[in-house]
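*Asks:* Sharing a structure here in structure tokens format.
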Amino acid sequence: MARTNIRLIEAYNNLLTICDKNEIGDSLPSENALSTQLGVSRTVVRSALDRLSTHKIISLNGRRKTVLRRSQDNDRMQGPPMLLGIEDLESRFFDWVLRMDVPSGTVLNVAQLAKTFRVATHTLQEFLSSLSRYGIVVRRPKGGWQLEGFTEAFALELSEFRTILELNAVTQLVALPNTHPIWKKLDDLEARHHALLARIDVDYHAFSRLDEDFHVAINSVVKNRFVDEFQKIISLIFHYHFQWNKSDERARNECAIHEHLAYLDALRSRDPSRAESAARDHLATSSQTLVSSLRAHDRAT
């Protein structure tokens, strides 16, 4: 929406408020006074006054502007919808791929997806460009984008790289002093794990978010902008793909909770070898879960 239109909408709605503060039959201030009060040009003020007159909220008689009635909700002009930022877009995009079972090879209509996700076109283009670095989407020879999806080879490569990053984080974490905030985070996560175990029969699907928070916390001790970028995409992919395979979901999630708790104990031991061993065991399970979810999804489609 053009900047002029946005100014008109804001000025018009503010004029409605000014009208409502006056009594029926009162006169509004001069155009110059309204222009100063609203912080817009006289041209915008005139356009807003003309619209008020058209809707019989005021009458215009020369320079006299008389209030005729109170405004109603449907009198207000609607501004442009609030656009999402790229961080919200990431979740929306993967959720769309998951929920709609978007197949590999799908040509992505950028203009339509921008409307669907309520983002600016340039934001979507920027996001797709970032995904292309991981091979999730590719540029088409004649322009535009195509979804490549997530193959088993992709999952194995992603899991391998995830392990490298997290083992580095574990090495740094176990060397941190007791005063470091990570230990309080891990205490809170342990409490959340026990709470979920207590209601696992009815709330096992909540593990996906807990798993994401758990690994994000561990990796947060590494202060590296490049690691942060990779961790974000890894976290999103694992979070959404774990939801694809519904077979034995309760049992798998309960088992993963126990692995997390063993992992936490190993971290608290400050023994690098023990912590690394627990991390490797759990990450191997996570890798197998990701691969299994892809196979289950491929069979279903």
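The values are calculated or read from the model by the stated rules, or taken from the named source; none is laboratory data. Bear in mind that the values here come from a model prediction, so they are computed numbers and not experimental data. All Cβ positions, glycine included, derive from the backbone under ideal geometry; neighbour counts span all protein chains shown. In case anyone asks, the SASA skips ligands and DNA or RNA and just uses the protein heavy atoms, side chains included. Shrake-Rupley method; radii C 1.70, N 1.55, O 1.52, S 1.80 Å.
*Asks:* Scan the stretch 164-181 residue by residue and report those that are open to solvent by 30 Å² or more (accessible area, probe 1.4 Å) and either in contact with a His (Cβ under 9 Å, 6 or more places away or on another chain) or in a helix (DSSP H, G or I) (or both).
*Replies:* Ile164, Asn168, Thr171, Gln172, Pro181
*Asks:* Given the criteria polar (S, T, N, Q) and exposed (fewer than 14 other Cβ atoms within 10 Å of the Cβ), does Asn224 qualify?
*Replies:* Answer is yes for this residue.
*Asks:* Continuing with the same structure: Checking the condition part of a helix (DSSP H, G or I), buried (at least 18 other Cβ atoms within 10 Å of the Cβ) and either more than 23 Å from the chain's Cα centre (by Cα) or without any contact (Cβ under 8 Å) to a residue 40 or more places away in the chain (or both), which residue from Ile218, Ile257, Ile234 passes?
*Replies:* From the options Ile218, Ile257, Ile234, the qualifying one is Ile257.
*Asks:* Right, here's the next one. Looking at Arg280, is it of a type in the set (Lys, Arg), open to solvent by 20 Å² or more (accessible area, probe 1.4 Å), at pLDDT 95 or above and more than 28 Å from Glu87 (Cβ to Cβ)?
*Replies:* In short, yes.
*Asks:* Might you check whether a residue that is of a type in the set (A, V, I, L, M) and over 30 Å from Lys115 (Cα atoms) occurs anywhere in the stretch 18-25?
*Replies:* yes
*Asks:* Go through the stretch 221-231 and report how many residues are part of a helix (DSSP H, G or I) and touching a helix residue (DSSP H, G or I) at 6+ places or on another chain (Cβ under 7 Å).
*Replies:* 3
*Asks:* Take the residues of the stretch 94-150 that are polar (S, T, N, Q) and assigned to a loop (DSSP other than H, G, I, E, B): which is least open to solvent (accessible area, probe 1.4 Å)?
*Replies:* Here the residue is Thr106.
*Asks:* Out of the stretch 132-147, which residues are aliphatic (A, V, I, L, M) and out of contact with any Phe, Trp or Tyr (no Cβ under 8 Å at 6 or more places or on another chain)?
*Replies:* Filtering the stretch 132-147 down to residues aliphatic (A, V, I, L, M) leaves 136-138, 147.
Leu147 - this is the single residue of the stretch 132-147 that is aliphatic (A, V, I, L, M) and out of contact with any Phe, Trp or Tyr (no Cβ under 8 Å at 6 or more places or on another chain).
*Asks:* Continuing with this model, one more query. If we keep just the residues of the stretch 188-215 that are open to solvent by 90 Å² or more (accessible area, probe 1.4 Å) and within 19 Å of Phe238 (Cα to Cα), which is modelled with the highest pLDDT?
*Replies:* Once the filter is applied, the top-ranked residue is Arg209.
*Asks:* Here's something else I'd like to know. Name the helices (runs of 4 or more DSSP H) wholly inside the stretch 1-81 in which the number of residues that are open to solvent by 70 Å² or more (accessible area, probe 1.4 Å) and more than 30 Å from Ala120 (Cβ to Cβ) is 3 or more.
*Replies:* Because the criterion is at least 3 residues that are open to solvent by 70 Å² or more (accessible area, probe 1.4 Å) and more than 30 Å from Ala120 (Cβ to Cβ), the helices (runs of 4 or more DSSP H) in the stretch 1-81 that meet it are 31-38, 42-54.
*Asks:* Can I ask one more? Scanning the stretch 169-206 for residues that are of a type in the set (Asp, Glu) and within 27 Å of the chain's Cα centre (by Cα), which turns out farthest from Ala279 (Cα to Cα)?
*Replies:* Asp203
*Asks:* Can you confirm whether the stretch 191-208 contains a residue that is touching a residue at least 12 places away in the same chain (Cβ under 8 Å), under 25 Å from Pro103 (Cβ atoms) and among the basic types (Lys, Arg)?
*Replies:* Within the stretch 191-208, none of the residues are touching a residue at least 12 places away in the same chain (Cβ under 8 Å), under 25 Å from Pro103 (Cβ atoms) and among the basic types (Lys, Arg).
So that you can scan it fast, the table gives a plain yes or no per residue for (1) closer than 18 Å to Arg270 by Cα; (2) of a type in the set (Ser, Thr, Tyr):
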| residue | (1), (2) |
| --- | --- |
| Ser129 | no, yes |
| Ser132 | no, yes |
| Arg139 | no, no |
| Leu186 | yes, no |
| Arg192 | no, no |
| Ala198 | no, no |
| Phe207 | no, no |
